[in-house]
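The values are calculated or read from the model by the stated rules, or taken from the named source; none is laboratory data. Please read all numbers here as calculations on a predicted model, not as lab measurements. Note that each Cβ is placed from the backbone with ideal geometry, even for glycine, and that neighbours are counted across all protein chains shown. These accessible areas exclude ligands, DNA and RNA; they are computed on the full protein's heavy atoms, side chains included. Shrake-Rupley method; radii C 1.70, N 1.55, O 1.52, S 1.80 Å.
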Amino acid sequence: MPDTCVHTDAASTAGTGRFGAVLDRIENETAALDERGSPAGYIPLLAGADPRRFGMAVAEPDGTVYGVGDWQQPFSTQSITKVFALALVLSLDGERIWQGVGREPSGNPFNSLVQLEYENGVPRNPFINAGALVVTDRLQTLTGDAAGRIRELLRTESGNPAIDFTPAIAASEAAHGDRNAALAHFMASYGNIANPVPDLLAAYFRQCSIEASCADLALAAGFLAQHGLQADGSALLTRSQAKQVNAIMLTCGTYDAAGDFAYRVGLPGKSGVGGGIIAVVPGMCTLCVWSPGLDRRGNSVAGVAALDRFTTLTGLSVF
Ligand code: GLU
C-alpha cells in the first residue's frame, strides 16, 4: 500500500490530497522500472545510495504537503541549492549578478571547464558549477555566510528547523573537489571571484551538503510557484524575478539534458547529483522527487520518469 500523507497529519493515508491518486499511481509505475541508473560516483559518500529508493512530494500554496514513498527521507540536496542561492542573490542585489554569469544553456556537462576559457571566465548560467560558484561568491560577499543563509531560507520556508549541513558529505566533496577548485581558480584569474578561493569552495561544499526531504524542498520552493511570495506572504522575489528564476530552471536546470527535460516534463526544474529534482507548476504547486540512480547527464532516472508521468497524467505544465 503506498503511503500518501499530508503535512498536517502524519498518519499514512493512501490517496490523500488533490494529487494523491496520481502520486499513488506514479509510485506503483515507478516501482516497476528496471533501469534506475547509478548513484553519483565522484562524491564517495553518495556512491553507496540505493537506486531503488524513491520519494515524491507535492506542496500546495496553503502549505499542505503530501507525498509517496520516501518523501520524508532527507537526502543530499547538492545542486538543488543553486536555485535558492540565486534567489537570495537576486533578492539582495538585483541585476548585478548578471555581470559575472550568463543566462544561456551550456550544452556541456555541469562541471565542464572548456567553455569558460573561450568565454573569458564568465560561466554560461547560474546552474552549472562555474556559474553557481559565482553566485555563491556574491552571496558570501553580501552576507558573510552564504551556506548559512541558504540553510536559513530552507528552514524557514519548509518549517523544518532540523534541515542542516552534512559535514561528512562536504568533507568528502572537498577531498575530491579538484574540478570545482580548478573552475574557481580559473574564474578568479579573470577577476570573476571576489573571495579567496578556499573560502568560496568551503562555502560551496557546505551549501551542497545540505540534507532535506522531498517534503522540505517542495515547501521551500513554494515562492517560485507563488510569484516570489514566501510562506508568510512576504516577497522574497518580485513577480518578474520569480519568472526569471523559473525561466532559467526551464532552460538550464537539468544539466545538458534541459531540452529533453522540457520536452518530457514541461516544467521549470532543478536537479542535483544526490538524485533530487524540484519542479514548479507556476501558480499551482511545487514538486520534489528523489531517487539516487542517475542517468549519464546526472539527472535521476526515476525522478525524471515520475515528473514526466505527473505532467502527462494531470495535464499540468507551462505549455
Ligand atoms: N556538489 C556537486 C558538485 O559541485 C553538485 C553537483 C550537482 O548536484 O550538480 O559537483
(request) Post the alpha-carbon centroid distance, the stretch 50-114 to the stretch 207-284, in whole angstrom. (result) 6 Å
(request) Can you figure out the FRET efficiency of THR238 with TYR42, using R₀ = 30 Å and their beta-carbon distance, to the nearest 0.05? (result) 0.20
(message) Quick check: residue separation of ALA247 and THR314 times 0.36 nm, minus the Cα distance between them. What number comes out in nm?
(response) 22.0 nm
(request) With an 8 Å cut-off on Cα pairs and a minimum separation of 6 or more residues, tell me the relative contact order of the stretch 90-195 in percent. (result) 28 percent
(message) Below 8 Å between Cα atoms, with a sequence gap of 6+, how large is the relative contact order for the chain in percent?
(response) 25 percent
(request) With springs only between Cα atoms under 10 Å apart, run a GNM on the chain and tell me which of TYR255, TYR204, TYR263 wobbles the most. (result) TYR263
(request) Report the charge-dipole magnitude of the chain in Debye, nearest 20, computed about the Cα centre from +1 at each Lys and Arg Cβ and -1 at each Asp and Glu Cβ. (result) 460 debye
(request) Can you pull the one-decimal nm distance between simple spin-label points at ALA181 and TYR263, each 7 Å off the Cα toward Cβ? (result) 3.9 nm
(request) Assuming a ≥ b ≥ c are the square roots of the Cα gyration tensor eigenvalues, decide whether the chain counts as rounded (a/c under 1.5), prolate (otherwise, with a/b larger than b/c) or oblate. (result) prolate
(message) Counting only protein heavy atoms and a 1.4 Å probe, tell me what percentage of the stretch 266-318's accessible area is made up of carbon and sulfur.
(response) 48 percent
(message) If I compute solvent accessible area with a 1.4 Å probe over the protein chains, what percent of it on the stretch 99-239 is carbon and sulfur?
(response) 51 percent
(request) Rank by packing, highest mean first: peptides 187-194, 86-93, 212-219, 290-297, with packing defined as the count of other Cβ atoms within 10 Å averaged across residues. (result) 212-219, 290-297, 86-93, 187-194
(request) Quick one: compute the contact order of the stretch 48-109, relative version, from alpha carbon pairs under 8 angstrom and 6+ residues apart, as a percent. (result) 20 percent
(request) First check a/c for the stretch 41-103, with a ≥ b ≥ c the square roots of the eigenvalues of its C-alpha gyration tensor; if it is under 1.5, answer rounded, and if not, answer prolate when a/b is larger than b/c or oblate otherwise. (result) oblate
(request) Could you tell me what % of all Cα pairs in the stretch 164-319 have separations over 19 Å? (result) 60 percent
(message) How much accessible area per residue does the stretch 187-251 have, counting only protein heavy atoms and a probe of 1.4 Å, in square angstrom?
(response) 37 Å²
(request) Express in Å², to the nearest 10, the accessible area of GLU119 obtained by rolling a 1.4 Å probe over the protein heavy atoms while all chains stay in place. (result) 50 Å²
(message) Compute the helix-to-body angle for 20-31: its Cα long axis versus the longest principal axis of the chain, expressed 0 to 90° and rounded to tens.
(response) 70 degrees
